[in-house]
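Working notes, structure below.
The values are calculated or read from the model by the stated rules, or taken from the named source; none is laboratory data. From a predicted model like this one, the values you see are computed outputs, not experimental measurements. No Cβ is skipped: glycine too gets one built from the backbone with ideal geometry, and neighbour counts run over all protein chains shown. For the accessible areas, the whole protein counts, side chains as well, though only heavy atoms, and no ligand, DNA or RNA atoms are used. Shrake-Rupley method; radii C 1.70, N 1.55, O 1.52, S 1.80 Å.
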Amino acid sequence: DAAWSSAARRQEARATYFGRAWTWSAALCAHWTLRDPNAYRGPFGTRTARPLLVIGARFDPATPYEGAVATARRFRGSRLLTVAGVGHTSAAVPNSCVDAALSGYLVQGRLPAADTTCRQRQAAFS
């Protein structure tokens, strides 16, 4: 389908090696007829009951950092935690700075200070 091919090209330009693959992996959902009556369909970008903590790594090959920045901007009151490093799923990579911010958020509802950056503690591919 032309729409999927076009979307795949756009995503590949944004996330080399991963954009096209993620786009086509979702193609199975294009013609689903089932609907979940409880699925949240928006509005997106409004104030949430609690501020969001968005975590993004500067060099994430699958989910570009720019997406984390855009998400944090879209939800007023949210906070962006930057990981100065590589890798995907920043919260899954061992890092005491990220762990402290995430547990503070999940357990006490506390956001890290604005503009907090966590340094990567281990080298890529170590």
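General observations
- Residue among Leu106, Leu53, Leu34 with the largest mean-square fluctuation in a Gaussian network model of the chain, springs linking Cα atoms under 10 Å: Leu34
- Three-way shape label, the chain, alpha-carbon gyration tensor, a/c 1.5: oblate
- With R₀ fixed at 30 Å, the C-beta to C-beta distance from Phe75 to Ala13 puts the FRET efficiency at about 0.75.
- Inter-site label distance for Ala84 and Tyr65 at 7 Å from Cα along Cβ, in nm: 1.0
- Residue order by solvent-accessible surface for Ser6, Ser25 is Ser25, Ser6, largest first, with ligands and nucleic acids left out and a 1.4 Å probe.
- Accessible surface ranking for Phe18, Phe75, 1.4 angstrom probe, highest first: Phe18, Phe75.
- For the range 64-77, Karplus couplings with θ = phi - 60° (6.51, -1.76, 1.60), whole Hz, Gly/Pro x: x, 3, 4, x, 5, 4, 5, 5, 4, 5, 5, 9, 4, x
- Max mean-square fluctuation residue, GNM over the chain, Cα-Cα springs under 10 Å, options Ala84, Ala30, Ala62: Ala30
- Listed residues Ser5, Ser96, Ser90 arranged by accessible area, highest first, probe 1.4 Å: Ser96, Ser5, Ser90
- Dipole magnitude of the chain, debye to nearest 20 (Cβ charges: Lys/Arg +1, Asp/Glu -1, about Cα centre): 380
- FRET efficiency for the Asp1 to Leu34 pair, using the beta carbon distance and R₀ = 22 Å, is estimated at 0.65.
- Shape call, the range 10-82: gyration tensor on alpha carbons, a/c limit 1.5: oblate
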